[in-house]
Amino acid sequence: MKSELNINIANYIEHSSLNPNSTYEEIKTLCDEAQYFQFPSVCVYPHFVPQVVHLLHGTKTSISTVIGFPSGATTSSVKLYEAQEATDNGANELNIMINLGELKLGNSRFIYDEISSICETTKRIIKIVLESNLLTNAEKKLASDICADAGAKYLETNTGWFGGITKIDIEYLHKICSGKMGIKASGGIHTFEQALELVKLGASRIGTSHGVDIVKTQNQ
């Protein structure tokens, strides 16, 4: 268990703007905040990746984008194209929405082929979004095993579109990942207290649009 005194919460924040009505000015503010607070990454829609590459040029902030978001139900070829385009545009990390229907069918080969093709083609850090609230523990365990084998580096809990994260999710994912992958906690994280608890339970990234408020609370 991590000591609270040793946790700088800013080091865990993936500063995110995934509202469908986000504007270029809001994305610029997001990037300015990420640089000021030294967040490790920002997460935006693919449309904004070229702008973010320009805004963050020469900084240490990584650029994440979402693929197949938020349903995961686009075809594998479309996801691969979207991932390739995002990579070509300068994205360093890809948050891939898993195909929930195929996962619930137990179609391991489909899930593996889809994820491994993106991992092998893009050579980027791949996070797989599970939508934990819609899955059983057995389905989460299956996804964990497949994603690790396919080359993913993180499991991500939620999009936030179908309910927020719970600490039980993080505890369970931390248990089943067994150090094979990092865990990105996301979906409804608004406060410093929430973020701190999730990190202490095993989250290695915190995806949130409230990163500035969270850090300011710690620094008070």
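Taken together, the values in this text are just the output of simple stated rules run on the coordinates, not laboratory data. If you're wondering where the values come from, they're calculated on a predicted model, not measured in any experiment. Don't worry about glycine lacking a Cβ; one is built from the backbone with ideal geometry, like all the others, and counts go over all protein chains shown.
Before moving on, here are some points about what is shown:
- Segment 121-153: number of residues that are outside any loop (DSSP other than H, G, I, E, B) and either surrounded by fewer than 24 Cβ atoms within 10 Å (Cβ to Cβ) or touching a Phe, Trp or Tyr at 6+ places or on another chain (Cβ under 9 Å) (or both): 23
- Single condition Gly164 does not satisfy, out of (1) surrounded by fewer than 19 Cβ atoms within 10 Å (Cβ to Cβ); (2) of a type outside the set (Val, Ile, Thr); (3) more than 21 Å from Ser71 (Cα to Cα): (3)
- Only one of Tyr45, Tyr36, Tyr24 that is surrounded by fewer than 13 Cβ atoms within 10 Å (Cβ to Cβ), in contact (Cβ under 8 Å) with a residue 24 or more places away in the chain, farther than 20 Å from Lys153 by Cβ and not small (Gly, Ala, Ser): Tyr24
- Of Ser144, Ser186, all but one fail to be over 20 Å from Ser64 (Cβ atoms) and in contact with a strand residue (DSSP E or B) (Cβ under 7 Å, 6 or more places away or on another chain); the exception is Ser144.
- Selection from segment 173-186 of residues that are closer than 14 Å to Ala148 by Cα and not in a helix (DSSP H, G or I): Ser178, Gly179, Lys180, Met181, Gly182, Ile183
- Identity of the residue in segment 35-55, in a helix (DSSP H, G or I) and within 16 Å of the chain's Cα centre (by Cα), that ends up farthest from Gly188 (Cα to Cα): Val49
- Test result for Ile118, in a helix (DSSP H, G or I), more than 22 Å from Leu201 (Cβ to Cβ) and under 17 Å from the mean Cα position of the chain (by Cα): yes
- Residues of segment 56-85 classified as in a loop (DSSP other than H, G, I, E, B) and surrounded by 17 or more Cβ atoms within 10 Å (Cβ to Cβ), total: 5
- Residue under evaluation Ser204, criteria (1) surrounded by 23 or more Cβ atoms within 10 Å (Cβ to Cβ); (2) in contact with a Gly (Cβ under 8 Å, 6 or more places away or on another chain); (3) touching a residue at least 60 places away in the same chain (Cβ under 8 Å), criterion not met: (1)
- Put simply, of Ile170, Ile189 the only residue that is touching a Leu at 6+ places or on another chain (Cβ under 8 Å) and not in a helix (DSSP H, G or I) is Ile189.
- Candidate set from segment 86-110 (those that are part of a helix (DSSP H, G or I) and under 18 Å from the mean Cα position of the chain (by Cα)); member that is surrounded by the most Cβ atoms within 10 Å (Cβ to Cβ): Ala86
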